[in-house]
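Q: Quick one: the structure is below, and I'll ask about it shortly.
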Amino acid sequence: MRILVPIKRTPDPNSLVRLTADAQIDLDGCKWIVNPFDEIALEEAVRQREAGLDAEIVVVSIGPEEAADQLRACLAMGADRAIHVCCNRSLEPIQTAHLLAAVVATEQPDLILMGKQAIDGDQNQTGQMLAGRLGWPQATFASTITISDNHTTAVVEREVDTGRETLQVRLPAVVTADLRLAEPRYVALPAIIRARNKPMANVAVDDLGGVPDCGVRTVGYELPPSRAPGVMLPDAASLAAKIREAVQ
Amino acid sequence: MSKLLCLVDSAGAGLGAQASLATFAADLCINWDSGFSICYVGSEPSAESMADLCSLGAMEVLVMADEQFARLTADAAAEAIRTLVIAEGYNILAADCSSFGRDVLPRACALLDIPMISDVIAVDATGPAPMFRRPVCAGKLIAKVEVTSTRYACTVRASAFRRERVPSGNSPVRRIDSGLDGITAGTEWVGASHVESKRPDLSNANVVVSGGRPLRDSETYERLIGGLADCLHGATGATRAAVDSGIAANDLQVGQTGKVVAPALYIAAGISGSIQHLAGMKDSKVIVAINTDPEAPIFSVADFGLVADLHTAIPELISLLS
């Protein structure tokens, strides 16, 4: 079977966030990583194969020229080949889903495994939109995945507001990864060197039918209101008094 | 003319979140001649929850009740919503940021080919195009999003639209056929394990007591965090680390990817305050932090801090507060 893992290049969450004079995000000197949830999705795909699943793992990223760095990191983690859709503009999830659906039409994967959200935009939409667009079943916020021996279904345990829920999806399907699906491995140097020889295809946005306008535009950013400095208290008794005040 | 539909589900976070959604809807349609409608999607609602839904100021309350929704899958629910939206001509959809809203609404958007704005915390509908504010990068920044499309959807962060509620009017009710019998979905609901709790719902509680990994095990978590929460009639919460190490259940996780809460009082015990955790609680009205490390980042957002070992400080607090 073929597993497609879409990944996003995102700023490191530990990077300082500053604003430019015109209210845009200042990304100067920022460290870039594979979106952690996508990394979890890829780790799960690689582990499924290590556990005996006969699968080709293809990673795809829509992003600037530099997103090739993140695709290389994914190849080093264990993906077999990469597809880089070069795109320098920022996309809304509905536009990303549109482009990914075009990649799916060519690649014909049996399973799309991706992060539940990107840690920069925090939208949590793309996987669901891709599934809807393709008319495929979806299982979001996955914490375990069991693929049937004949590769026709998958049983997915998912994290929901009230606890856990189990779904069985017919394949092909879209599954989005939650935090506890898998812990990404540390990639050693030899794997990074070997990954240099793995294939990476470049695809232009126009080859995928272009990006339709969607009428949503981020005009700028602002810092959240800061909290007034707090008070350190000497003991539990004085803290208990403040707690009593707060709940009155 | 704009027609706004708020979607609520039976598993949703209850009246508090529904009232917040209605407040958001009222803010968005402030300049329209028409108001907003509510559609309930779920198994047969109780008379009490119907009365609540009818008191939120909606022009109309649609009821799409079907016992099949008790084993709801996103495929079927999104298809039912798509059919309803097209038949009734709604062009704007809104839902709470619950598992339902986050799972089903983006899929429905794809079926309708409309964009979506997640986690809205403020709306300004006074200009020609509405402007929404939403947190990004784990709440380190707020994005201002202008929507010129006439068709779109939003999920709404309930805690940002919590206001004094004035029950208004008694909306007329109209029942809608779910059409689920005609939908074949590729997803089968297998089962669920729900954690039963006698404590208030974490997302809507007035007081939340949260603990981190220093709690060590689930018994200590229950005795200290649970004990203090019970003194204050509050809910319990946890960090990712506490959930990962089996100290607390997954539905108690507070943070960027867990639940986002904004109670009147948030007590963080043995929590260092990672960016991801702060994203889930820093809009709480009063924040109390108890930690052995005076340099812990949690103290930078705390109104009241106590440098102490929670294993001695919390039993003391419990005896002082009971």
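Q: If you scan the range B:87-98, which residues turn out to be open to solvent by 20 Å² or more (accessible area, probe 1.4 Å) and of a type in the set (S, T, N, Q)? Step through it out loud before you land on a result.
A: Narrowing the range B:87-98 to residues open to solvent by 20 Å² or more (accessible area, probe 1.4 Å): B:87-89, B:91, B:96-97.
The one that is open to solvent by 20 Å² or more (accessible area, probe 1.4 Å) and of a type in the set (S, T, N, Q): B:Asn91.
Q: In addition: So which residues in the range B:249-269 are of a type in the set (S, T, N, Q) and farther than 20 Å from B:Glu196 by Cα, if there are any at all? Spell out the reasoning first.
A: Within the range B:249-269, the subset of a type in the set (S, T, N, Q) is B:250, B:253, B:256-257.
Passing the criteria: B:Gln256, B:Thr257.
Q: Scan the range B:164-178 and give yes if some residue there is under 21 Å from the mean Cα position of the chain (by Cα) and within 14 Å of chain A (Cβ to nearest Cβ), otherwise no.
A: No; the residues of the range B:164-178 include none that is under 21 Å from the mean Cα position of the chain (by Cα) and within 14 Å of chain A (Cβ to nearest Cβ).
Q: Name the single residue, out of those in the range A:129-177 being touching a Ser or Thr at 6+ places or on another chain (Cβ under 6 Å) and closer than 26 Å to B:Ala143 by Cβ, that is most open to solvent (accessible area, probe 1.4 Å).
A: The selected residue is A:Asp161.
Q: I'd like the full set of residues that are loosely packed, with under 13 Cβ neighbours inside 10 Å and in contact (Cβ under 8 Å) with a residue 40 or more places away in the chain, limited to the range A:11-22. Please lay out each step first, then the result.
A: Here is the first cut: in the range A:11-22, the ones loosely packed, with under 13 Cβ neighbours inside 10 Å are A:12, A:14, A:16, A:20-22.
Correct list: A:Asp22 only.
Q: Separate question: Taking the range B:141-185 on its own, how many of its residues are touching a strand residue (DSSP E or B) at 6+ places or on another chain (Cβ under 6 Å), of a type outside the set (Gly, Ala, Ser) and assigned to a loop (DSSP other than H, G, I, E, B)?
A: Residues meeting the conditions: 3.
Q: Right, next: Just to verify a result, which residue in the range B:99-116, among those that are open to solvent by 10 Å² or more (accessible area, probe 1.4 Å) and more than 7 Å from every other protein chain (Cβ to nearest Cβ), is modelled with the lowest pLDDT?
A: Step by step, filter the range B:99-116, then rank; the result is B:Phe100.
Q: Tell me yes or no: at least one residue of the range A:207-218 is within 30 Å of A:Thr106 (Cβ to Cβ), assigned to a helix (DSSP H, G or I), open to solvent by 20 Å² or more (accessible area, probe 1.4 Å) and more than 8 Å from chain B (Cβ to nearest Cβ).
A: Yes, the range A:207-218 contains at least one residue that is within 30 Å of A:Thr106 (Cβ to Cβ), assigned to a helix (DSSP H, G or I), open to solvent by 20 Å² or more (accessible area, probe 1.4 Å) and more than 8 Å from chain B (Cβ to nearest Cβ).
Q: Based on this model, can you work out whether B:Asp113 counts as at positive phi and of a type outside the set (Gly, Ala, Ser)?
A: Details: at positive phi: yes; of a type outside the set (Gly, Ala, Ser): yes.
Against the criterion (at positive phi and of a type outside the set (Gly, Ala, Ser)), B:Asp113 qualifies.
Q: Next question. So in the range A:23-34, with the set limited to residues that are open to solvent by less than 40 Å² (accessible area, probe 1.4 Å) and under 20 Å from A:Ala68 (Cβ atoms), which one is nearest to the other protein chains (Cβ to nearest Cβ)?
A: Looking at residues that are open to solvent by less than 40 Å² (accessible area, probe 1.4 Å) and under 20 Å from A:Ala68 (Cβ atoms), I get A:Cys30.
Q: May I ask you to say which residue of A:Pro229, A:Pro224 is surrounded by 12 or more Cβ atoms within 10 Å (Cβ to Cβ), more than 30 Å from A:Val58 (Cβ to Cβ) and not hydrophobic (A, V, I, L, M, F, W, C)? Lay out the reasoning, then the answer.
A: Values: A:Pro229 fails: surrounded by 12 or more Cβ atoms within 10 Å (Cβ to Cβ).
Result of the check over A:Pro229, A:Pro224: A:Pro224.
Q: Separate question: Does B:Asp119 meet the test of being in a strand (DSSP E or B) and surrounded by 15 or more Cβ atoms within 10 Å (Cβ to Cβ)? Walk me through it before giving the result.
A: On the way: in a strand (DSSP E or B): yes; surrounded by 15 or more Cβ atoms within 10 Å (Cβ to Cβ): yes.
In short, yes.
Q: Of everything in the range B:124-161, what is more than 9 Å from chain A (Cβ to nearest Cβ), open to solvent by less than 30 Å² (accessible area, probe 1.4 Å), closer than 21 Å to B:Ser203 by Cβ and not aromatic (Phe, Trp, Tyr)? Give them in sequence order.
A: If the condition is that a residue be more than 9 Å from chain A (Cβ to nearest Cβ), open to solvent by less than 30 Å² (accessible area, probe 1.4 Å), closer than 21 Å to B:Ser203 by Cβ and not aromatic (Phe, Trp, Tyr), then B:Ala153, B:Cys154, B:Val156, B:Ala158 are the ones that fit.
Residue-wise test of (1) over 20 Å from B:Leu180 (Cα atoms); (2) free of Cβ contacts under 8 Å to residues at least 60 places away in the same chain; (3) more than 23 Å from the chain's Cα centre (by Cα).
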residue: B:Asp33; (1), (2), (3): yes, yes, yes
residue: B:Cys39; (1), (2), (3): no, no, no
residue: B:Gly57; (1), (2), (3): yes, no, no
residue: B:Val61; (1), (2), (3): no, no, no
residue: B:Arg82; (1), (2), (3): no, yes, no
residue: B:Ile86; (1), (2), (3): no, yes, yes
residue: B:Cys97; (1), (2), (3): yes, no, no
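Q: Related question: Going by the structure shown, is A:Glu43 away from chain B (no Cβ under 14 Å), acidic (Asp, Glu) and surrounded by 19 or more Cβ atoms within 10 Å (Cβ to Cβ)?
A: On the way: away from chain B (no Cβ under 14 Å): yes; acidic (Asp, Glu): yes; surrounded by 19 or more Cβ atoms within 10 Å (Cβ to Cβ): yes.
Yes; evaluated as a whole, the condition is true for this residue.
Q: Pull out all pairs, ordered by first then second residue, where Cβ-Cβ is under 8 Å, the residues are six or more apart or on different chains, the first lies in the range B:139-167 and is within 14 Å of B:Asp119 (Cα to Cα) and at pLDDT below 95, and the second is acidic (Asp, Glu) and part of a loop (DSSP other than H, G, I, E, B).
A: So the pair list comes out as B:Ser159/B:Asp283; B:Ala160/B:Asp283.
Q: Same structure, new question: Suppose we filter A:Arg89, A:Arg72 for residues that are assigned to a loop (DSSP other than H, G, I, E, B), open to solvent by 10 Å² or more (accessible area, probe 1.4 Å) and either among the basic types (Lys, Arg) or touching a His at 6+ places or on another chain (Cβ under 7 Å) (or both); which single one remains? Even if it seems obvious, please write down each step before you answer.
A: Working: A:Arg72 fails: assigned to a loop (DSSP other than H, G, I, E, B).
Just one listed residue meets the conditions, A:Arg89.
The values are calculated or read from the model by the stated rules, or taken from the named source; none is laboratory data. What you see is a predicted model, and the numbers here were worked out from it, not measured in a lab. Neighbour counts are summed over all protein chains in view; Cβ atoms, including those assigned to glycine, are modelled from backbone coordinates with ideal geometry. Surface areas here come from the heavy atoms of the whole protein model, side chains and all, with no ligands, DNA or RNA. Shrake-Rupley method; radii C 1.70, N 1.55, O 1.52, S 1.80 Å.
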